[in-house]
Amino acid sequence: MADLLSPELQQLVEHELATGNYGSENELLLEAVRLLADRDHRREQLRCELQIGRDQLDRGEYTEYDERALRERFDQLKQRVQQRIEGNRNIK
């Protein structure tokens with residue numbers, strides 16, 4: 001694999017192998033390909049979600065917020081996130 005990679009990438013491969021994170025170059029390569037596939041899948045999901053949002057905007061399906069209402073909405077969302085975090089702490 002050394003002849004296919006830049007010196008920086010080859011150094012990364014050697015480092016990963018030396019730390020024992022991967023048992024072989026082949027194992028590392030398989031993981032890299034899996035991660036690329038996962039990234040591409042997430043990217044495609046995001047494109048689909050963005051298109052859904054664009055379609056909703058085109059149909060007028062949205063809520064306009066003034067500055068005060070937007071601040072209130074953000075505060076509500078922060079509170080919900082905090083409650084979920086606290087709930088997760090209680091589960092452990």
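With the condition kept exactly as written, say whether any residue in segment 28-39 is out of contact with any Cys (no Cβ under 8 Å at 6 or more places or on another chain), farther than 30 Å from Leu5 by Cα and either of a type in the set (D, E, K, R) or not assigned by TED's automatic domain parsing to the domain that holds Val13 (or both). No: zero hits.
Pairs meeting the criteria (first residue in segment 1-26 and free of Cβ contacts under 8 Å to residues at least 40 places away in the same chain, second residue of a type in the set (A, V, I, L, M, F, W, C) and assigned to a loop (DSSP other than H, G, I, E, B), beta carbons under 8 Å, at least 6 apart or on different chains) are Gln10/Met1; Val13/Met1; Val13/Leu5; Glu25/Met1. Taking the listed residues Leu35, Leu17, Leu4, the one that is of a type outside the set (S, T, N, Q) and in contact with a Ser or Thr (Cβ under 8 Å, 6 or more places away or on another chain) is Leu17, with no other qualifying. Of the residues making up segment 24-60, those that are in a loop (DSSP other than H, G, I, E, B) and either surrounded by 10 or more Cβ atoms within 10 Å (Cβ to Cβ) or of a type in the set (Gly, Ala, Ser) (or both) are Ser24, Gly60.
Residues in segment 12-23 that are surrounded by 11 or more Cβ atoms within 10 Å (Cβ to Cβ) and under 26 Å from the mean Cα position of the chain (by Cα): Leu12, Val13, Glu16, Leu17, Asn21, Tyr22.
The values are calculated or read from the model by the stated rules, or taken from the named source; none is laboratory data. Every value quoted in this text rests on a predicted model; they were computed, and no experiment measured them. When we count neighbours, we look across all protein chains shown, and the Cβ atoms used for this are built from the backbone with ideal geometry, even at glycine.
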